[in-house]
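Peer 1: Handing you this structure, nothing more for now.
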Amino acid sequence: MPADHPNIDLHSHTTRSDGTLSPTALVQRARANGVDMLALTDHDVLDGLPEAQAAARAEGLVLIPGVEVSITWAGETIHIVGLRVDPQDATLLAGLEANRAGRTERAREMAAELERCGVPDAWEGALKYVGNPALISRSHFGRHLVALGLCASQREVFDHWLVEGKPGFVPQRWASLADAVGWIRGAGGTAVLAHPGRYQRLDETRLWALAEDFVAAGGEAIEVVAGGHGPEEIARFARWAKRLGIRASRGSDFHDPLESRFDVGLAPPLPPGLVPVWTDWPEVQGP
Ligand code: AMP
Ligand code: MN
Ligand code: MN
Ligand code: MN
């Protein structure tokens with residue numbers, strides 16, 4: 001790990017959830033893009049970590065075991081990233097399993113809903129993109145909609161489909177904020193509020209209330225640089241990190257070379273004047 005300006009990317013996905021690269025291919029791509037330390041943070045699942053860890057050893061980069069937990073807060077779906085979690089922690093594993101349990105049933109309902117709206121072969125179509133049968137996500141349906149030509153891009157999918165008030169939406173009750181932060185901390189990890197700029201259904205007041213609830217629950221960092229954040233959001237959430245007195249994280253939220261806004265390792269750097277979430281991690285101190 002270089003002492004000066006290491007390239008640290010703490011949010012990424014593989015085929016074990018809704019990414020399109022295997023854990024090995026993700027790690028190789030990260031290394032090729034100059035990443036020194038990468039967190040794999042698949043949705044609600046830790047399955048990709050052993051393969052990613054082996055690839056990281058071969059490639060000579062540091063792999064941080066992570067996860068992205070879906071929660072429901074005030075009726076909205078929010079994502080909490082857990083970093084440096086113990087992948088064997090029984091309570092974390094049980095919590096993630098509970099979150100996954102509803103996904104398959106929800107996916108069946110989404111398929112029925114989409115077919116009712118005239119989308120052919122919604123179930124079989126989405127399944128073509130699923131790499132882990134335990135983890136069916138809206139992204140897989142989104143790829144089917146793009147393949148059918150009903151949407152130009154995966155990003156466009158979430159403007160016109162699969163969100164509240166649009167075709168294919170099925171509401172879901174995920175874990176609570178307190179549970180998710182508790183599982184992450186209980187597994188020795190650090191909880192990070194993921195891509196706060198993504199929650200556009202929350203106005204300023206409610207988003208701030210979420211951030212305060214997150215800190216009160218034991219959350220310790222916020223994604224300032226995130227896949228969905230432009231320059232204004234980076235500046236805005238840098239101010240929030242300071243005002244909340246918490247640390248800042250950087251993650252590309254990489255899913256796929258063509259779908260993602262930032263390739264793995266290629267999101268902008270953290271703005272100056274923040275405390276990076278990795279500031280006191282042994283992994284960045286070197287051997
Ligand atoms: P799910 O966990 O099944 O609700 O699916 C959520 C996933 O859909 C996220 O993790 C993203 O990969 C993707 N997604 C959600 N909203 C958007 C968006 N606005 N643009 C691009 N991808 C999105
Ligand atoms: Mn995703
Ligand atoms: Mn997310
Ligand atoms: Mn993500």
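FYI, it's all coordinate maths here, none of it is from the lab. If you're wondering where the values come from, they're calculated on a predicted model, not measured in any experiment. Glycine also receives a Cβ, built like all others from the backbone with ideal geometry; neighbour counts cover every protein chain displayed.
Peer 1: Picking from GLY165, GLY189, which residue would you name as being within 20 Å of PRO87 (Cα to Cα) and not β-branched (Val, Ile, Thr)?
Peer 2: On the way: GLY165 fails: within 20 Å of PRO87 (Cα to Cα).
Matching residue, one of GLY165, GLY189: GLY189.
Peer 1: Still on this structure, I have one more. Just to be sure I understand the filter: pairs with C-beta atoms under 8 Å, separated by 6 or more residues or on different chains, first member in segment 13-33 and closer than 21 Å to HIS140 by Cβ, second member of a type in the set (Lys, Arg) and part of a loop (DSSP other than H, G, I, E, B). Which pairs pass?
Peer 2: Listed by first residue and then by second, the contacts come to PRO23/ARG16.
Peer 1: To continue, here is another question. Do you know which of the residues in segment 42-64 that are more than 16 Å from ligand 3 (Cβ to nearest atom) and touching a residue at least 60 places away in the same chain (Cβ under 8 Å) is farthest from THR91 (Cα to Cα)?
Peer 2: Selected residue: VAL62.
Peer 1: For segment 163-178, state whether one or more residues are touching a Phe, Trp or Tyr at 6+ places or on another chain (Cβ under 7 Å) and in contact (Cβ under 8 Å) with a residue 60 or more places away in the chain. Lay out the reasoning, then the answer.
Peer 2: Kept after step one, since they are touching a Phe, Trp or Tyr at 6+ places or on another chain (Cβ under 7 Å), are these residues of segment 163-178: 163, 167-168, 177.
In the following step, the residues that additionally are in contact (Cβ under 8 Å) with a residue 60 or more places away in the chain were identified as 177.
Checked against the condition, which is being touching a Phe, Trp or Tyr at 6+ places or on another chain (Cβ under 7 Å) and in contact (Cβ under 8 Å) with a residue 60 or more places away in the chain, segment 163-178 yields at least one hit.
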